[in-house]
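Here the structure is laid out as structure tokens; the discussion comes afterwards.
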Amino acid sequence: MTEPTEHPVTALDRPRSRSIYLLPNLLTTGALFSGFYGIVAAIDKHFAAAGIAVFVAAIFDTLDGRAARATRTESAFGKEYDSLSDMVSFGLAPAIISYQWGVVRIAEYGRAWGRIGWLAAFFYCVAAALRLARFNARAATADKRYFEGLPSPSAAAIVAAFIWFSSEWREPGLAGLVAAFGITAIAGALMVSSFGYPSFKQFNLDRRIRFVYMILVPLFFVLVAIDPPTMLLSIFGVYAASAPLLWGGRRIRRLFRGPAALG
């Protein structure tokens, strides 16, 4: 009778360290803390710090997904936790930051203006919740190359960058306040729109890239370092406007092609 052969346990068979499983959720907690800090900073009238906190949350939000995929520790719990964190950091925090910065000031111009500002902030918050719910419901069948509607981190970046940019204005005036709430409302509307935005998820860090891209990356960081709020507002503003502009361009081309095809 032969004895059973013992197979040595390889490194791949060993259970992974619990710290690896915790890493993505710790990064998500960092995003959640940044969003919470942004709310507290806005309440304390530190609007530049509040805007920066939203961008820190976006960095953590990018890292937690990449960490989960790199360590193969994606889970249903992590996805739900990430979605709840996104609602706080990119839904509630920007709405409160916008509200705290502008509603009190704009109310001085009349009660109606105050209500408009209040509704714009609330509309953004609702739009973020609807955007996240739609994303979760269609995640299994959606095209990974595109987002349906403006991603909530990008919408939050636009609002946060504008408030950060505007935090140096002691007296923004009615025009500045209307612009702030207008941008907040537009960002919310783009989140629940059906415009397609490139997701850049197909970008692979292991793939060879052109040398010109190696120059553009440090140039991007240099430009952001020179004037962070202005450059970040410009970058995310162009990204947000790209889909509606492309859609409008396609509609215009179709209108001109129609008569030409008939002729």
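Things worth noting here:
- Using the Cβ-Cβ distance between Leu22 and Leu223 with R0 = 41 Å, the FRET efficiency computed as 1/(1 + (r/R0)^6) comes to roughly 0.70.
- Cut-off under 5 Å, modelled amide H: who pairs with Tyr146 long-range: Ser199
- Each 10 Å bin from 0 upward holds the following percent of the Cα-Cα pairs of the range 83-193: 16, 46, 26, 10, 3.
- Spin-label model, Lys144 to Ala241: label points 7 Å out along the Cα-to-beta-carbon direction sit 3.3 nm apart.
- Annotation: extensible slack from Ala48 through Leu130 equals 26.8 nm (criterion: 0.36 nm per residue apart, minus Cα-Cα distance).
- Prolate/oblate/rounded label for the range 60-111 (Cα gyration tensor, a/c 1.5): prolate
- With θ taken as phi - 60° and the Karplus curve 6.51 cos²θ - 1.76 cosθ + 1.60 applied, the whole-hertz 3J(HN,Hα) list for the range 52-64 is 4, 4, 5, 5, 4, 4, 5, 5, 4, 5, 5, 6, 5 Hz, x standing for glycine and proline.
- When the range 18-258 is described by a simple charge dipole with +1 on each Lys and Arg Cβ and -1 on each Asp and Glu Cβ, the residue from Val88, Ala155, Ser199 located farthest towards its positive end is Ser199.
- Arranged from fewest to most other beta-carbon atoms within 10 Å of their beta carbon, Ile158, Ile59 become Ile59, Ile158.
- Basic side chains Lys and Arg get +1 at the Cβ, acidic Asp and Glu get -1 at the Cβ, and with that the dipole of the range 18-258 about its Cα centre reaches some 1060 debye.
- Amide N proximity, the range 94-113 versus Ala179 label position 7 Å along Cα-to-Cβ, cut-off under 15 Å: 102
- 3J(HN,Hα) from dihedral phi, the range 138-151, Karplus parametrisation 6.51/-1.76/1.60, rounded to Hz, x for glycine, proline: 10, 4, 6, 10, 6, 6, 5, 6, 9, 9, 8, x, 5, x
- Kirkwood-Stokes translational diffusion coefficient of the range 18-258, alpha-carbon pairs, 20 °C, 1.002 mPa s, µm²/s: 113 µm²/s
None of the figures in this text is laboratory data; all of them are computed from the coordinates on show. In this text the structure is predicted, and so the values were computed from the model without any measurement. Positions of Cβ are generated from backbone atoms using ideal geometry, with glycine treated the same way; all protein chains shown enter the neighbour counts.
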